[in-house]
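None of the figures in this text is laboratory data; all of them are computed from the coordinates on show. Please read all numbers here as calculations on a predicted model, not as lab measurements. Methodologically, a virtual Cβ is constructed for each residue, glycine included, from the backbone with ideal geometry; neighbour enumeration extends over all protein chains shown.
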Amino acid sequence: MRLYRAKDYDDLSRKAANVILAQVIMKPDCVLGLATGSSPLGTYRQLIEYFKAGDLDFSKVKTANLDEYRGLPRDNDQSYYYFMHENLFKHVNINMADTNIPNGMEPDSEKECLRYEQVIADLGGIDLQLLGLGHNGHIGFNEPDDTFAKITHCVDLTPSTIEANKRFFASADDVPRQAYTMGIGTIMQARRILLIVSGKDKAQILCDVINGPITPRVPASVLQLHRDVTVIADEAALAKF
Ligand code: GLP
């Protein structure tokens, strides 16, 4: 793992966007694995700036998002489809047909999970996977568990994740209880991984992820086994290093 120290959230966002910019320049038809949450917002803003300045071309880029709430339609403003559209896709020259997100409205979870794995396989795998980090160590929606989930699956969200994500909904009761997420195995197959972590509330879990034992109780700890992981964290998140 390569660990880069950023001064603050803006610095982190610029550094992360630079890694993605370099990826797209080196391979214009690359497959980007994308994430939602507050962590990548600044990164997406910077990518939009690069696009507007003429430094970044998304016309050949393909994307696959990590996860989606189960039961939320695309036009719900809390769906991850909506998030990606509002915060990145509608601002750049990406072909929407080349963007992929699990279909939260497919009721047959087995069918949807197998379909999504096939989508990623048909893309030829992910070149660079962007990840945020949950307060409990989750990546995508891979919650702490007894085992590492291998492929895309349907998860029951933990009370702590529902609590953390309720800020985006009218109340905790409105947070969906389930989500479709790439599995740990899916994520680990990405050729490169970029993990971004910001804020003092992530300081302990980041320490556990990087220095602690590899355990499905801290899902992101499995990244220690991946051969090409870049971690960019700000001073606040690195408080325990
Ligand atoms: C969410 C998402 C994750 C995200 C994480 C952290 O539940 N499913 O993909 O990385 O939680 O979110 P944030 O960046 O807002 O702290």
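Here are a few things to note about the model shown:
- Annotation note: of Ile232, Ile196, Ile187, the sole residue that is touching a residue at least 12 places away in the same chain (Cβ under 8 Å) and out of contact with any helix residue (DSSP H, G or I) (no Cβ under 6 Å at 6 or more places or on another chain) is Ile187.
- Residue that is farthest from Ala233 (Cα to Cα) [pool: residues in the stretch 177-198 that are more than 11 Å from the ligand (Cβ to nearest atom) and part of a loop (DSSP other than H, G, I, E, B)]: Arg177
- Residue list for the stretch 146-176, restricted to those being among the small types (Gly, Ala, Ser), more than 9 Å from the ligand (Cβ to nearest atom) and surrounded by 14 or more Cβ atoms within 10 Å (Cβ to Cβ): Ala149, Ser160
- The number of residues in the stretch 223-236 being part of a loop (DSSP other than H, G, I, E, B) and over 16 Å from Arg14 (Cβ atoms) comes to 4.
- The number of residues in the stretch 105-133 that are part of a loop (DSSP other than H, G, I, E, B), under 16 Å from the mean Cα position of the chain (by Cα) and surrounded by fewer than 24 Cβ atoms within 10 Å (Cβ to Cβ) comes to 3.
- The numbered conditions (1) under 30 Å from Ala121 (Cα atoms); (2) more than 18 Å from the chain's Cα centre (by Cα); (3) of a type in the set (Ser, Thr, Tyr) are all true for Thr152 except (2).
- Test: residue in the stretch 48-64 that is away from the ligand (no atom under 12 Å from the Cβ), buried (at least 17 other Cβ atoms within 10 Å of the Cβ), outside any helix (DSSP H, G or I) and not hydrophobic (A, V, I, L, M, F, W, C): yes
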